[in-house]
Amino acid sequence: MKIPRICILASGAGTNAETIYHFFESKRTAQVVMVLSNNPDAPVLQRMQPHNVVAMPFNRLQFYESDQLITFLQEFGITHIVLAGFLWQVPPSLIQAFPGKIINIHPALLPKFGGKGMYGLKVHERVKAAGETETGITIHLVNERYDEGKIIFQAKCPVLPNDTPEQIAEKVQRLEHEHFAKEVEKWVNQSLDKPLETQTGIQIQG
Ligand code: GAR
């Protein structure tokens, strides 16, 4: 049986990248082969150092203006790409090289509070300012537009009137760590050989 081979793209702390790495380290239903970052100083690269995984940065030229990154991923036999706190917009060339095989996690209930610049604490500040009574996580396929690809999973948590953005962030991060790896597992195993149209639709929990 073919084991899905995952590349994670991350720009920040990398807590989700590490959680996904450990999940598959024990289960072996897929393998996190590499974790790449657009930021050479991102803590995620340090965080992944002790693990059995390629962890390295790449630059704009390699990502947007050449096929270098795509060739690199293909040489390593990467089958799926997971964006876990990745800030750059994915170029059409990468989407075409991995059709239906790239997913992202967003720390809110899309289609609300998404789009360019909506990242990390800023998302939770907006959720609070809007007076939302609930928020959550969205896992979705990646297309050429920020946060607009097909939603495959959402989970919710309450927002209490006195919650600070930081407290909302903690609740959302708990949901991410609870669900993201499990949803990646379902997705990679159903999408390895099947075309996109036959894959199951959205599930909502919470
Ligand atoms: C996560 O909360 C993820 O949902 C968010 O960045 C954080 C990364 O945390 N992504 C976005 O905001 C994308 N628009 P991590 O580096 O600890 O995994």
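The values are calculated or read from the model by the stated rules, or taken from the named source; none is laboratory data. Just so we're clear, the structure is a prediction, and the values are computed from it rather than from any experiment. No Cβ is skipped: glycine too gets one built from the backbone with ideal geometry, and neighbour counts run over all protein chains shown.
Within the range 112-124, not a single residue is of a type in the set (A, V, I, L, M) and more than 20 Å from A13 (Cβ to Cβ). Only one of the numbered conditions (1) surrounded by fewer than 15 Cβ atoms within 10 Å (Cβ to Cβ); (2) modelled with pLDDT of 95 or more; (3) more than 16 Å from the chain's Cα centre (by Cα) is violated by P165, and that is (1).
Checked across the range 127-142, the condition of being under 26 Å from V188 (Cβ atoms), near the ligand (Cβ under 9 Å from one of its atoms) and hydrophobic (A, V, I, L, M, F, W, C) holds for at least one residue.
Could you go through the range 166-187 and let me know if any residue there is more than 23 Å from G12 (Cα to Cα) and either among the polar types (S, T, N, Q) or out of contact with any helix residue (DSSP H, G or I) (no Cβ under 9 Å at 6 or more places or on another chain) (or both). There is at least one residue in the range 166-187 that is more than 23 Å from G12 (Cα to Cα) and either among the polar types (S, T, N, Q) or out of contact with any helix residue (DSSP H, G or I) (no Cβ under 9 Å at 6 or more places or on another chain) (or both). In the range 28-43, the count of residues that are within 16 Å of the ligand (Cβ to nearest atom), assigned to a loop (DSSP other than H, G, I, E, B) and farther than 28 Å from E178 by Cβ is one or more. State yes or no: is E75 farther than 17 Å from E144 by Cα, out of contact with any helix residue (DSSP H, G or I) (no Cβ under 6 Å at 6 or more places or on another chain) and away from the ligand (no atom under 16 Å from the Cβ)? In short, yes. Sub-7 Å Cβ pairs linking a first residue in the range 93-120 that is surrounded by 17 or more Cβ atoms within 10 Å (Cβ to Cβ) to a second residue that is among the aromatic types (F, W, Y), at least 6 apart or interchain, are I103/W187; I105/F180; G114/Y146, ordered by first then second residue.
Per the listing I152, I81, I137, the residue uniquely at negative phi, part of a strand (DSSP E or B) and touching a residue at least 60 places away in the same chain (Cβ under 8 Å) is I81.
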